[in-house]
Amino acid sequence: MIDPVFWLGLSILLVAVSLTALLSVAIPAFRELGRASRSAEKLFDTLSRELPPTLEAIRLTSMEITELTDDVSEGVQNVGQVTQKVNDGVSGVTNQVKQAGVTTRSVFVGMKAAWKTFNRSDHLSEDYDDESYAVGQLPVAEEQELDLEYLTQEEQVTAYEDVPSSKARSLKEEDLSR
């Protein structure tokens, strides 16, 4: 068959071609690896110079944000307290207005009753002698019904308590049953 020297030479030739192909591909790859390592080294240098101040700035910013958050929370609480005070003030004013309305109504009812009593006492002084009745007091037979149209139930009870007659008690029971 073929001579073994031939096979040896062919094997050496194939190994040489393979090494040449390997070196022709490996040399550019090694150059790129060298460039990448230099770029990585520059990146690490930049990071070691820039990262600590950046981290410090981030830490300070987070502290400022925390302080601002606390300030905003405190402001919201203050607004809540002011709102509560305003609501309390409005409630107080509302209650005072209601009380003023009741007081005004009571004054007008009192004035109306006084006017009726005044008119009645003028009329009484003509019909009765001064010795038998006190001024403004009617005899039991001539007592008139109380005008409780504009009074609240509480004021009606007070008005009936001021009149000590049986007629007033019956009127009180009748009005309260309505």
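The values are calculated or read from the model by the stated rules, or taken from the named source; none is laboratory data. As the structure is a computational prediction, the values presented were derived from the model and not from experiment. Neighbour counts run over all protein chains shown; Cβ positions are idealised from the backbone, glycine included. Heavy atoms of the whole protein, side chains included, go into the accessibility calculation; ligands, DNA and RNA do not. Shrake-Rupley method; radii C 1.70, N 1.55, O 1.52, S 1.80 Å.
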query = Any residue in the stretch 122-141 that is at pLDDT below 90, touching a Gly at 6+ places or on another chain (Cβ under 9 Å) and open to solvent by less than 100 Å² (accessible area, probe 1.4 Å)?
reply = yes
key: Tabulated pairs, the stretch 45-59, first part of a helix (DSSP H, G or I), second open to solvent by 80 Å² or more (accessible area, probe 1.4 Å) and of a type in the set (A, V, I, L, M), C-beta under 8 angstrom, 6+ apart or interchain   = none
Matching residues in the stretch 76-104 - criterion: being open to solvent by 90 Å² or more (accessible area, probe 1.4 Å) and not aliphatic (A, V, I, L, M) = 77, 81, 84, 85, 95, 96, 98, 99
